[in-house]
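Enquirer: Submitted below is the structure of interest, expressed as structure tokens.
The values are calculated or read from the model by the stated rules, or taken from the named source; none is laboratory data. All values reported here derive from a predicted model rather than from experimental measurement. We place every Cβ from the backbone using ideal geometry, glycine too, and count neighbours over all the protein chains shown. Surface areas here come from the heavy atoms of the whole protein model, side chains and all, with no ligands, DNA or RNA. Shrake-Rupley method; radii C 1.70, N 1.55, O 1.52, S 1.80 Å.
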4 protein chains.
Amino acid sequence: MQVKTILIAGSSGGLGQAIQDRFRAGGYDVIAVSRHGAGHTHVDLSDAHATAELFNGLDPSKPLAGVIHNAMQFHRSAFLETEPETFEQVWRSMTLTAVNVAQQAIPLLRTQGGGCLIFSGASGSLRAEPHFSAFSSAKFALRGLAQGLAREHGSEGIHVVHTILDGLIWSDKTQQRFSSAQQRRSMIPTDLAEVYWQLFHQPQSTWTQELDLRPQGGSY
Amino acid sequence: MQVKTILIAGSSGGLGQAIQDRFRAGGYDVIAVSRHGAGHTHVDLSDAHATAELFNGLDPSKPLAGVIHNAMQFHRSAFLETEPETFEQVWRSMTLTAVNVAQQAIPLLRTQGGGCLIFSGASGSLRAEPHFSAFSSAKFALRGLAQGLAREHGSEGIHVVHTILDGLIWSDKTQQRFSSAQQRRSMIPTDLAEVYWQLFHQPQSTWTQELDLRPQGGSY
Amino acid sequence: MQVKTILIAGSSGGLGQAIQDRFRAGGYDVIAVSRHGAGHTHVDLSDAHATAELFNGLDPSKPLAGVIHNAMQFHRSAFLETEPETFEQVWRSMTLTAVNVAQQAIPLLRTQGGGCLIFSGASGSLRAEPHFSAFSSAKFALRGLAQGLAREHGSEGIHVVHTILDGLIWSDKTQQRFSSAQQRRSMIPTDLAEVYWQLFHQPQSTWTQELDLRPQGGSY
Amino acid sequence: MQVKTILIAGSSGGLGQAIQDRFRAGGYDVIAVSRHGAGHTHVDLSDAHATAELFNGLDPSKPLAGVIHNAMQFHRSAFLETEPETFEQVWRSMTLTAVNVAQQAIPLLRTQGGGCLIFSGASGSLRAEPHFSAFSSAKFALRGLAQGLAREHGSEGIHVVHTILDGLIWSDKTQQRFSSAQQRRSMIPTDLAEVYWQLFHQPQSTWTQELDLRPQGGSY
């Protein structure tokens, strides 16, 4: 069987790594894109030209199956203390990267009869809380983009999914940042990766556009 | 390994049958409840006492793993031509049955450390269209119930899922009712059953409360 | 100018009284319907026949302008301690009364070229919280009904509004029930009545179907 | 009584003009900001420094009462034919302008005990349709911003409103752009302006955060 390629944008962190592992175990050729970190392809996906180059360089013998966009820039600050440049930068890193990746991936996937794009959202994609105006505004924007793409390109075989990750993802970083985090109240990266695997492979008769995910007993 | 029981309410029709088949293939003891039809346990789940009797009669050696509530009463009529009795009956058959089943299942599941309840919603659960006031009002009510149960009983290990089935489910009945229905624009029961299987077995670190499902290119 | 009639369903309590006062001051003939209380027309609006009788008895010389449906049955209890009869009764008092009133009002209003129906929702119409499953399920159902009616009868001149009253309404009863209630954190009935007046009189070029209302600084 | 100032951002077009007229008639000193057009203050509100200068130049003897942000850049194009620069530009003109204006207005309004910010959304703020990915993504972002500001600054007396303008606004431009537009199926600017006036003056006991507005019989 032909090996297929999956591109994972925002591949650092526990979830990015777990998704890579799951898809490699499932036989995919994984291209893990991040702005830094060993073992990643370093591309700034907020740059349309760099993104185009990345896709142009894909090995045509391993056709692209889809993209998982997981570029997350957690940002929390009082609105009046958030620089307009920060607003823009948060939007560029979470939303514009999704635009660029989708513009490269969709034409490729269309020529092969379809494929899947998964965009990772958060609690803030549905509810904007105090001190999260930049983050939530960008996550709302990403959700609108994903929804629009699902409606515009669904009939061409492009399956667009938006996940609402409503809770902490367990990792060393999480433990450092949130001292009160508990593993049994957090989402385990390998469990999330399994859901992404399932979504990515939904048959065309049953496509999910949006679903929420949270740990047992997570308040919401 | 101990055999577990799953109860499927509203088990007639293509989806009900496919869910039964999937869970039987997965090793469950399936109790298929419907008001009529060969091979089903006949109980009127809108009757609290009959529902209690059903659950009291479960074989304790095969502990209950959960319930899939799929009781659907499609109803379409102009609002001014819908009898108040019909409104009430649609509500009883789709919402009150869910109340009764949940009140019996949750205490049982709690004693075993948890379990899963899946309620099937529809496009009309999110958008009330003309001529669907009775149907949508009952489906909105079911969604509110499912969401409340998820929040009230989640920390006790009760995973409550609400699915939005946004499209036609392929079956003989569908073909008769909607002459324009096409299989490639419909949801295949066995594909849906697989999603229900996945949801039912989500690990406690990654629970979905709500997801939508529609065929490729379905307009929404 | 011809005097017009407005019917207020669920007219007891501070908000019901304030709406009555506002519309009387504005020149309307007000029919205040409640199941009890001095100065009210006593009709059980969950009874379709009694509701029909009420509307048949309206004075044709004062044509109906619309209905404000404010029938609220606050209900809070653990799901497992809520009798199925209570679930049904909460639904009947908040949702079925709305069905009955709308079925009588819409044909009358159509013959006059239009009119307005306002249904009062609550925080629980959008979010089902623990211990509010019966209340929220019925409020979700009311919202679905209102939305369906807006879509089905809008082009006939029937303006259907659903308000989300997201907070405490200040009254003697509120003070007794919630000892921590503060007037400056509550909604004042006369202020709400003014909003209802504005909504009721929106010109046909700018109709609101749904809006939320909460006191300054109310958390949500 | 002291004259107060209102700033209208995105003041060109029929709605901008009608809002100006309504507030002038109500006794306000109106500052109409637009990037071009006679009779407007010309400021590029996507430029934080230019926006700060504008606010610094306000006449302190006429304290600011609030801002109506109506900056709308209608944009419709196939996703794959939308330049990333266009995505960014649509976001800057509709969302970043709102950020800049809010960052200047909120500190001023706080010192005076409060004030009102109204942001104009559209149908695309809730539903992203095909060929509207850039527009909807920016409108989703604006909605998230408005919601976050409402929660973060509400208790300080800052009333933040987000309107969903779900339909065509009647104007010469509308007639030219949509040949099938009909006045009786469109929203009349003076009617909308009256709603904005009402929202701007809601007492602190009854604040609306979001409402939709559409012409009678508008499909949605």
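Enquirer: Go through (1) under 18 Å from A:Ile8 (Cβ atoms); (2) part of a helix (DSSP H, G or I); (3) in contact with a Lys or Arg (Cβ under 7 Å, 6 or more places away or on another chain); (4) among the small types (Gly, Ala, Ser) and name the single condition A:Ala65 misses.
Expert: Result: A:Ala65 passes all but (2).
Enquirer: Another question about this same structure. Does C:Ala98 satisfy the criteria of being under 15 Å from C:Val33 (Cβ atoms), touching a His at 6+ places or on another chain (Cβ under 8 Å), touching a residue at least 24 places away in the same chain (Cβ under 8 Å) and within 14 Å of chain B (Cβ to nearest Cβ)?
Expert: On the way: under 15 Å from C:Val33 (Cβ atoms): yes; touching a His at 6+ places or on another chain (Cβ under 8 Å): yes; touching a residue at least 24 places away in the same chain (Cβ under 8 Å): yes; within 14 Å of chain B (Cβ to nearest Cβ): yes.
So C:Ala98 fits the description; yes.
Residue-wise test of (1) free of Cβ contacts under 8 Å to residues at least 60 places away in the same chain; (2) in contact with an Asp or Glu (Cβ under 9 Å, 6 or more places away or on another chain); (3) more than 20 Å from B:Gly115 (Cα to Cα); (4) open to solvent by 30 Å² or more (accessible area, probe 1.4 Å).
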| position | (1), (2), (3), (4) |
| --- | --- |
| B:Val3 | yes, yes, no, yes |
| B:Arg24 | yes, no, no, yes |
| B:Arg35 | yes, yes, yes, yes |
| B:Val43 | yes, yes, yes, no |
| B:Phe79 | yes, yes, yes, no |
| B:Arg92 | yes, yes, yes, yes |
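Enquirer: If you don't mind, another one. Looking only at the range C:54-75, decide whether some residue is within 14 Å of the chain's Cα centre (by Cα) and at the interface with another protein chain (Cβ under 9 Å from one of its Cβ atoms).
Expert: No, the range C:54-75 contains no residue that is within 14 Å of the chain's Cα centre (by Cα) and at the interface with another protein chain (Cβ under 9 Å from one of its Cβ atoms).
Enquirer: Mind counting the residues in the range B:25-46 that are at pLDDT 95 or above and more than 17 Å from the chain's Cα centre (by Cα)?
Expert: The qualifying residues number 5.
Enquirer: Let me ask something else about it. For the range A:197-220, give me each residue that is outside any helix (DSSP H, G or I), facing chain B (nearest Cβ under 7 Å) and over 12 Å from A:Ile164 (Cβ atoms).
Expert: Answer for the range A:197-220, where residues must be outside any helix (DSSP H, G or I), facing chain B (nearest Cβ under 7 Å) and over 12 Å from A:Ile164 (Cβ atoms): A:Pro203, A:Gln204, A:Ser205, A:Thr206, A:Trp207, A:Pro215, A:Gln216, A:Gly217.
Enquirer: Further, regarding this structure: Which of the residues spanning the range C:177-196 are outside any strand (DSSP E or B) and open to solvent by less than 50 Å² (accessible area, probe 1.4 Å)?
Expert: If the condition is that a residue be outside any strand (DSSP E or B) and open to solvent by less than 50 Å² (accessible area, probe 1.4 Å), then C:Ala181, C:Ser186, C:Ile188, C:Pro189, C:Asp191, C:Leu192, C:Ala193, C:Val195, C:Tyr196 are the ones that fit.
Enquirer: Name every residue in the range B:101-113 that is in a helix (DSSP H, G or I) and either among the charged types (D, E, K, R) or more than 8 Å from chain C (Cβ to nearest Cβ) (or both), in order of residue number.
Expert: Within the range B:101-113, B:Val101, B:Gln104, B:Ala105, B:Leu108, B:Leu109, B:Arg110, B:Thr111 qualify.
Enquirer: Which one is modelled with the lowest pLDDT among residues in the range A:62-76 that are under 14 Å from A:Val33 (Cα atoms) and small (Gly, Ala, Ser)?
Expert: This residue is A:Ala71.
Enquirer: Related question: Select from the range B:136-154 the residues that are more than 7 Å from every other protein chain (Cβ to nearest Cβ) and either open to solvent by 10 Å² or more (accessible area, probe 1.4 Å) or at pLDDT below 95 (or both) and list them in ascending order.
Expert: Within the range B:136-154, B:Ala150 is the sole residue that qualifies.
Enquirer: For the range D:169-179, does any single residue satisfy the condition of being within 16 Å of the chain's Cα centre (by Cα) and at pLDDT 85 or above?
Expert: Taking the range D:169-179 first, the residues within 16 Å of the chain's Cα centre (by Cα) are D:169.
Those still in the list that are at pLDDT 85 or above too: D:169.
Yes: one or more hits.
Enquirer: Inspect all residues belonging to the range B:123-133 and state whether any of them is in contact with a strand residue (DSSP E or B) (Cβ under 9 Å, 6 or more places away or on another chain) and either open to solvent by less than 20 Å² (accessible area, probe 1.4 Å) or among the basic types (Lys, Arg) (or both).
Expert: Among the residues of the range B:123-133, at least one is in contact with a strand residue (DSSP E or B) (Cβ under 9 Å, 6 or more places away or on another chain) and either open to solvent by less than 20 Å² (accessible area, probe 1.4 Å) or among the basic types (Lys, Arg) (or both), which makes the answer yes.
Enquirer: Just to be sure I understand, how many residues within the range C:197-220 are of a type in the set (Val, Ile, Thr) and open to solvent by 20 Å² or more (accessible area, probe 1.4 Å)?
Expert: Number satisfying all stated conditions: 0.
Enquirer: May I ask you to list pairs of residues, at least six apart or on different chains, whose Cβ atoms are under 6 Å apart, with the first in the range C:50-64 being free of Cβ contacts under 8 Å to residues at least 40 places away in the same chain and the second being acidic (Asp, Glu) and open to solvent by 20 Å² or more (accessible area, probe 1.4 Å)?
Expert: What qualifies is C:Ala50/C:Asp44.
Enquirer: Among the residues that make up the range C:45-68, is at least one of them closer than 30 Å to B:Ala52 by Cβ and not basic (Lys, Arg)?
Expert: Checked the range C:45-68: at least one residue is closer than 30 Å to B:Ala52 by Cβ and not basic (Lys, Arg).
Enquirer: List the number of the failed condition for C:Asn100; all other conditions in (1) modelled with pLDDT of 95 or more; (2) of a type in the set (S, T, N, Q); (3) open to solvent by 10 Å² or more (accessible area, probe 1.4 Å) hold.
Expert: Only one criterion is unmet by C:Asn100, namely (3).
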